[in-house]
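Student: I'd like to ask you about the structure that follows.
The values are calculated or read from the model by the stated rules, or taken from the named source; none is laboratory data. None of these values were measured; they are calculated from a predicted model. Every residue, glycine as well, gets a Cβ built from its backbone with ideal geometry; the counts of neighbours run over all protein chains shown.
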Amino acid sequence: MFRALIALLLTVFLMTPALAQEAADGAAAPDRSATGGAQTLEDIMARQRGEKVDNSFRSSVTGDPDSAAAMTEQLGTLGGASDPDLWRGIRFDSADITSQVRGPAATVLVQDGGMKWLQFREGPLATYGGYAMLGTLLALLLFYVIRGKIRIGGEKTGRTVTRFKSVERFGHWLLAGSFIVLGITGLISLFGRKVLIPAFGHDAFSTIAVASKWVHNNVAWAFILGLIMIFVMWVIHNLPDRTDINWALKGGGIFTDAHPPAKKFNAGQKLIFWSCIVLGGSISLTGLALLFPFEINLFAGTFEKMNAFGISALLGLGELNTVLAPHEEMQLAQAWHAIVSFALMVIILAHIYIGSIGMEGAFDAMGTGEVEEQWAREHHSIWAEEAMAARDDKAKGTAPDGATPAE
Ligand code: HEM
């Protein structure tokens with residue numbers, strides 16, 4: 001009998017949390033009359049169980065002395081003017097804060113959304129971003145092992161043709177050099193705490209982090225200038241045309257030895273160019289928003305347009321919030337800046353591969369600016385014919401006045 005009683009008690013004891021969970025899942029709003037509308041023990045327990053708690057009862061009711069529970073009651077307050085009320089007011093931005101500091105964010109002392117941003121930055125952003133880069137490096141290594149270096153197939157002529165003028169190469173290396181520096185310093189600020197502190201300690205990391213930040217903020221201008229330069233110089237050669245379809249259908253001859261005809265830039269290169277312009281442009285804009293905090297607010301307006309054109313619904317994001325706190329704008333700018341940077345870094349890793357060890361003769365185009373004629377014929381046949389004809393005409397002095405070799 002005694003044992004049966006123990007068993008019964010144990011069963012009831014073990015079942016209680018499950019029943020409580022069910023009640024919480026049932027999600028009927030708890031009766032808060034006993035606390036005058038303030039949170040109840042059930043609210044606290046639900047939060048501790050990691051359940052989603054609707055905070056509106058707290059955000060909209062901050063300190064109402066008339067409905068406050070008397071001090072003598074369990075969970076009673078000091079007449080509605082308790083510390084929790086003050087905290088609530090600060091947390092939900094309804095407290096009357098005055099500050100000597102000026103600026104749009106000076107009176108926001110606690111910002112809830114910051115936690116979500118921090119968790120995203122330290123979690124999925126770092127994890128998936130890191131995997132994407134490592135995965136790309138592995139894929140390129142695999143491609144190199146399987147395909148090997150793409151060689152010049154035909155007989156080399158020993159003659160060269162000018163592919164890029166010095167100003168073009170300057171624009172390219174300004175963009176490339178700054179991007180690489182920005183990539184490395186950006187990765188230091190994202191992964192520094194996890195990777196560099198354990199390796200070098202706090203003191204050394206502090207110096208590295210301060211230097212990285214300074215370099216990152218200042219080199220950004222070189223990237224923006226490089227981006228504008230290549231856009232102005234190359235946009236005309238990157239407009240899509242019919243040759244791109246054929247080139248893409250033949251996979252650019254990357255896996256075969258076919259050489260589909262191409263003008264100055266083939267479809268693959270046009271993709272790289274437009275990735276640099278669109279993604280690089282977006283990185284620059286969000287970077288400027290971060291460089292001048294709270295002055296450039298990009299997201300509320302963008303979300304408004306996305307809602308209006310039905311883009312957010314199409315993407316399954318529902319109605320996006322168009323009233324954003326100043327800090328939220330900054331957090332979104334940082335998150336987008338980093339996501340797009342990872343995307344561009346992954347694309348650029350493939351570009352660096354093909355422009356260096358991946359293809360014989362390619363680097364010369366950006367090194368000396370001169371490429372082997374046979375390379376030009378194989379990879380950019382239409383451009384090569386025009387460039388060589390213009391060069392020969394110029395040499396013979398038959399070029400029309402002011403004509404320069406086709407670029
Ligand atoms: C060490 C790094 C890099 C190397 C070796 C390299 C090499 C090259 C070469 C050889 C070309 C000319 C290809 C041709 O003649 O058809 C080129 C073009 C180009 N590069 Fe780079 N590059 C590097 C980094 C970058 C970076 C970081 C960016 C941008 C952030 C970039 C953007 C471009 C663009 C937009 C073009 C023209 C389109 C194209 O050819 O894909 N490059 N690069």
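Student: Give me the pairs, please: first residue somewhere in the range 351-369 and over 15 Å from Arg151 (Cβ atoms), second residue anywhere and near the ligand (Cβ under 6 Å from one of its atoms) and of a type in the set (Lys, Arg), beta-carbon distance under 8 Å, and either six or more positions apart or on two chains.
Tutor: The qualifying pairs are Ala365/Arg163; Gly369/Arg163.
Student: Tell me, yes or no, whether the range 366-374 has at least one residue that is outside any strand (DSSP E or B), near the ligand (Cβ under 9 Å from one of its atoms) and crowded, with 19+ Cβ neighbours inside 10 Å.
Tutor: No, that holds for no residue.
Student: Moving on. Scan (1) more than 13 Å from the ligand (Cβ to nearest atom); (2) without any contact (Cβ under 8 Å) to a residue 24 or more places away in the chain; (3) assigned to a helix (DSSP H, G or I) for the single condition Gly252 breaks and write down its number.
Tutor: Only one criterion in (1) more than 13 Å from the ligand (Cβ to nearest atom); (2) without any contact (Cβ under 8 Å) to a residue 24 or more places away in the chain; (3) assigned to a helix (DSSP H, G or I) is unmet by Gly252, namely (1).
Student: Identify, please: which residue in the range 341-365 is more than 14 Å from the chain's Cα centre (by Cα) and of a type in the set (Phe, Trp, Tyr) and is, among those, nearest to the ligand (Cβ to nearest atom)?
Tutor: Looking at residues that are more than 14 Å from the chain's Cα centre (by Cα) and of a type in the set (Phe, Trp, Tyr), I get Phe363.
Student: Please enumerate the residues belonging to the range 126-183 that are of a type in the set (Gly, Ala, Ser), surrounded by 16 or more Cβ atoms within 10 Å (Cβ to Cβ) and within 14 Å of the ligand (Cβ to nearest atom).
Tutor: Correct list: Gly171, Ala176, Ser178, Gly183.
Student: Applying the selection to the range 375-387, what residues are touching a Pro at 6+ places or on another chain (Cβ under 7 Å) and either within 21 Å of Phe170 (Cβ to Cβ) or not in a helix (DSSP H, G or I) (or both)?
Tutor: The one that is touching a Pro at 6+ places or on another chain (Cβ under 7 Å) and either within 21 Å of Phe170 (Cβ to Cβ) or not in a helix (DSSP H, G or I) (or both): Ala387.
Student: Suppose we filter the range 198-224 for residues that are under 19 Å from the mean Cα position of the chain (by Cα) and closer than 19 Å to Gly281 by Cα; how many remain?
Tutor: Residues flagged as under 19 Å from the mean Cα position of the chain (by Cα) and closer than 19 Å to Gly281 by Cα within the range 198-224 amount to 7.
Student: I've got another one for you. As an exercise: evaluate Phe292 against (1) surrounded by 14 or more Cβ atoms within 10 Å (Cβ to Cβ); (2) within 30 Å of Leu225 (Cβ to Cβ) and give the number of the one condition it does not meet.
Tutor: Here Phe292 meets the rest and fails (1).
Student: For the range 345-365, which positions are assigned to a helix (DSSP H, G or I) and farther than 30 Å from Leu125 by Cβ?
Tutor: Listed by number, the residues that qualify are Phe363, Asp364, Ala365.
Student: With the checklist (1) at pLDDT 80 or above; (2) of a type in the set (Phe, Trp, Tyr); (3) more than 43 Å from the chain's Cα centre (by Cα) in hand, flag the one item Phe2 doesn't pass.
Tutor: The number of the failed condition is (1).
Student: Taking the range 180-216, which residues are of a type in the set (S, T, N, Q) and either assigned by TED's automatic domain parsing to the domain that holds Tyr353 or farther than 24 Å from Leu349 by Cβ (or both)?
Tutor: Across the range 180-216, the qualifying residues are Ser206, Thr207.
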